[in-house]
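Taking it in order: structure first as structure tokens, then the write-up.
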Amino acid sequence: MVKKYNSYERSFLDPTPIGAALMGEQTRTKTTPGTGAKIPPEVLSRFADAGVDLEAMFAGGHLGNRMGVELLEATSDRVVGTLPVEGNTQPYGLLHGGASAVLAEHLGSIGATLFAGPEKVAVGVELSCTHHRGMRSGTVTGTATPVHRGRTMATYEVVITDEQGRRVCTSRLTCLIRDAVPQE
């Protein structure tokens, strides 16, 4: 039986491989339509077989879309995405710390979901961000990598850098991994 997920559950299902069988170096990737993200074919197949629409999942949701989050690469070992500074600033004209937090949670959740697999959902339970430098223009790039991946929790460090590779923000996201409830 193919499980169907409601829109709330799909919002937590973010792209990439799960489990030890899909971890490690992937040599072949495919660009997911509408995202431009590189995703291993085995991952695409596994999620599609479970009725999960990766294109919709990777779209960033309403908040991610509004802020201009763009996903570039997604596996359970590494998730990379960008965010424009323009339109995501505080009243002083600097990149808003909350914008960095949105990028970090989005990328870390994708990694945790890809680790957990299509039968699970990864829900953020803790996010911390340390802001190292301000930005007034350009694009920031976030890279999420696992710190811990267990049966019920996954923690990802997300390093956000400017266009010169200088660290703008360091974040850590912990996600609770739960069984998905099939949509009736």
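A short reminder: the numbers here are calculations on the coordinates, not readings from a lab. A quick note: this is a predicted structure, and the numbers were derived from the prediction, not measured. Reconstructed Cβ throughout: ideal geometry from the backbone, glycine too, with neighbour counts over all protein chains shown.
Listed values, structure above:
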item	result
Label point at L176 placed 7 Å out along Cα→Cβ; residues across the stretch 151-168 whose backbone nitrogen lies under 15 Å	151-155
For the stretch 54-170: relative contact order, % (alpha-carbon pairs under 8 angstrom, 6 or more apart)	26
Kirkwood-Stokes translational diffusion coefficient of the stretch 89-184, alpha-carbon pairs, 37 °C, 0.692 mPa s, µm²/s	236
Distance from the stretch 70-98 to the stretch 131-184 (C-alpha centre basis), Å	10
For the stretch 174-180, 3J(HN,Hα) per residue [Karplus equation, 6.51 cos²θ - 1.76 cosθ + 1.60, θ = phi - 60°, Hz, x = Gly/Pro]	10, 10, 7, 9, 10, 5, 6
The stretch 76-122: relative contact order as a whole-number percent, Cα under 8 Å and 6+ apart	43
Mean Cβ neighbour count within 10 Å, used as a protection proxy, ranking 168-179, 73-84 highest first	73-84, 168-179
